[in-house]
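Input: a single structure, listed below in structure tokens.
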Ligand code: AMP
Ligand code: ZN
């Protein structure tokens with residue numbers, strides 16, 4: 001069975017059937033670039049990355065776009081405080097977020113449009129909605145979407161509209177409008193907008209685009225009038241995506257997205273993340289603390305996107321161990337393959353050696369889990385079951401059949417095309433190994449100088465310093481050799 005995804009719109013699992021499998025059109029709501037992204041944002045972005053990688057792994061061709069919101073209330077407020085224009089203020093955050101995304105092993109998407117580059121097209125869309133009688137202008141030069149003229153309004157979130165009439169307050173309450181539930185397509189200019197360069201001319205008056213309008217336009221211009229997939233965090237279902245549907249479908253008469261996917265919000269140490277609770281963690285902070293990118297990536301990816309995920313220090317440690325287990329196993333297989341006796345011509349080897357069969361099963365179990373609405377924890381489970389099986393196989397006396405070694409390495413590399421944790425973890429391991437090697441060589445040199453000076457106490461101290469880090473020295477006729485003992489990477493000579 002192929003991939004099935006949970007469509008927020010229909011509240012059901014649906015088969016994934018893109019219009020053109022060679023160019024699957026995907027739009028994901030990206031960060032508002034007024035500060036560093038937090039780990040909750042990155043749960044969502046890493047989910048986009050997982051989806052991106054998985055669809056490519058399954059052979060689809062993609063056109064995958066994630067925007068940067070560079071004009072809205074938050075960017076304007078932050079730019080004013082910093083006494084910069086929005087362009088000056090936001091661009092460094094776009095770069096920082098891309099650098100953090102790279103550090104977490106995210107593959108680049110095809111395009112990262114900035115909202116401010118599409119204002120002309122936004123004005124065109126507003127004009128079309130006014131033309132169709134789906135929007136109205138107000139005295140201050142704002143334009144609002146008239147939700148009473150769009151019967152489908154509410155279909156994504158399942159909101160009861162009449163409830164909205166009394167209870168729901170729409171965010172733009174400082175602008176005048178006919179009905180509290182109507183949302184701004186265009187916000188009439190205010191002096192603070194001019195201050196930071198966030199105002200544009202439009203036929204109905206100077207101002208700036210509403211947030212929902214920005215994503216409708218970037219999505220339609222860069223991906224198409226009907227997206228195969230529209231992605232976002234669960235907080236965006238209402239009003240953001242409800243608004244996008246109203247604007248886009250109101251203008252085109254076509255469904256804006258076939259499938260809507262929403263990522264459940266990350267919790268931190270069991271609580272909602274918020275500045276006031278002091279549990280607001282950025283990826284930058286974790287990286288600066290020296291937490292390994294592979295552990296962060298593993299932890300943020302470890303639960304299926306619609307399930308609860310709780311980020312914790314204990315969880316990070318468990319993730320670190322999980323990544324180490326994968327890398328150790330990979331090293332172990334590679335060594336066993338080096339040591340294996342090679343193909344035995346005509347020998348009575350079974351047609352399918354055990355680890356080859358296990359690798360095959362793991363691959364199909366992984367795909368089956370991922371096809372089930374991207375159940376990544378099931379996918380990881382399949383991988384770790386294989387690792388246990390492989391370790392037991394390597395514990396046996398019988399030497400590894402090279403076919404087994406190759407099948408195991410191929411499986412690990414293939415699944416990591418999707419997961420991307422071994423790739424990240426092994427980069428860090430190589431760096432650590434190089435650093436360690438340089439340090440050990442330096443200490444050995446210092447020890448041999450101490451010995452030349454007959455400073456035995458110092459020479460012994462250096463030997464102990466090395467022993468503390470698991471390095472054992474062997475003095476021989478041709479100099480001093482060293483090896484690691486009890487270390488994850490194995491001995492070095
Ligand atoms: P923002 O920068 O606030 O516009 O958010 C960027 C993306 O991160 C959106 O798709 C949000 O839905 C998502 N997001 C925000 N907070 C969280 C969270 N705690 N967990 C998961 N995703 C989040
Ligand atoms: Zn959006």
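Please treat every number below as a calculation from the coordinates, not as lab data. As the structure is a computational prediction, the values presented were derived from the model and not from experiment. Note: ideal-geometry Cβ built from the backbone for every residue, glycine included; neighbour counts use all protein chains shown.
Working note: Debye formula, equal point scatterers on the alpha-carbon atoms of the stretch 429-492, no solvent; log10 I(q)/I(0) at q = 0.19 Å⁻¹ is -0.71.
Equivalent-ellipsoid semi-axes (√(5λ), Cα gyration tensor) for the stretch 347-493, whole Å, largest first? All intermediate terms of the calculation are to be shown ahead of the outcome.
Numbers: eigenvalues 375, 77, 23 Å².
Equivalent ellipsoid semi-axes, largest first: 43, 20, 11 Å.
Placing dummy labels 7 Å off each Cα toward the beta-carbon, the span from residue 448 to residue 396 is 4.5 nm.
Relative to the longest principal axis of the Cα atoms of the chain, the long axis of helix 242-252 makes an angle of roughly 60 degrees. Length gained on full extension, residue 441 to residue 312: 42.7 nm, using 0.36 nm per residue less the C-alpha separation. Ordered from longest to shortest, the equivalent ellipsoid semi-axes for the stretch 390-475 are 40, 18, 9 Å, each the square root of 5 times a Cα gyration tensor eigenvalue. A straight line joining the Cα centroids of the stretch 73-90 and the stretch 211-290 runs 22 Å. When peptides 379-386, 47-54 are sorted by average Cβ neighbour count within 10 Å, with the highest value leading, the order is 47-54, 379-386. Once the C-beta distance of residue 4 and residue 234 is scaled by a Förster radius of 22 Å, the resulting FRET efficiency is 0.70 to the nearest 0.05.
Any idea what the relative contact order of the chain is, in percent, if you count C-alpha pairs under 8 Å spaced at least 6 apart? Walk me through the numbers before you get to the answer.
Details: 744 pairs, mean separation 76.8, N = 493.
Normalised by residue count, the contact order of the chain is 16 percent.
Can you give me the relative contact order of the stretch 266-329 as a percent, contacts being Cα pairs under 8 Å and 6 or more apart?
On the way: 45 pairs, mean separation 26.8, N = 64.
Averaging sequence separation for qualifying contacts and normalising by length gives 42 percent for the stretch 266-329.
Net length available on complete extension from residue 409 to residue 149 is 87.7 nm, with 0.36 nm assigned per residue and the Cα-Cα distance removed. On a 0 to 90 degree scale, rounded to 10, what angle separates helix 39-57 from the longest Cα axis of the chain? Result, in degrees: 80. Using alpha carbon coordinates only, what is the Rg to Rh ratio of the chain, with Rh defined as the Kirkwood radius? Computed over Cα atoms, the ratio is 1.09. Helix 86-103 and the longest principal axis of the Cα set of the chain meet at an angle near 30°.
Sequence-distant contacts, meaning Cα pairs under 8 Å at least 6 residues apart, place the relative contact order of the stretch 429-492 at 19 percent.
Using helices alone, what [θ] at 222 nm do you get for the chain, with -39,500 (n - 2.57) per DSSP H run of 4 or more residues, divided over all residues and rounded to the nearest 500? Please report the intermediate quantities before stating the final value.
Values: 16 runs with 238 residues, N = 493.
Value at 222 nm, helices only, nearest 500: -16000 deg cm²/dmol.
Using only C-alpha atoms and all pairs of different ones, pull out the Kirkwood radius for the stretch 15-94 in Å with one decimal. Please report the intermediate quantities before stating the final value.
Values: mean 1/r = 0.0696 Å⁻¹.
Hydrodynamic radius (Kirkwood, Cα only) of the stretch 15-94 equals 14.4 Å.
Quick one: go through the stretch 1-22 and flag any residue whose amide nitrogen is under 20 Å from the point 7 Å out along the Cα-to-Cβ line of residue 107. 2-5, 16-22, by backbone N distance to the label point.
Packing here is the average count of other Cβ atoms within 10 Å per residue, and on that basis the peptides 438-445, 84-91, highest first, run 84-91, 438-445. Applying 0.36 nm per residue to the separation of residue 458 and residue 433 and subtracting their alpha-carbon distance, the gain on full extension is 6.5 nm.
Using the beta-carbon distance between residue 225 and residue 56 and R0 = 22 Å, what value does 1/(1 + (r/R0)^6) give for FRET efficiency, to the nearest 0.05?
Working: r = 24 Å, r/R0 = 1.10.
Once the sixth-power term is evaluated, E becomes 0.35.
Distance between the modelled labels on residue 36 and residue 178, one decimal in nanometres: 4.7 nm (7 Å Cα→Cβ projection).
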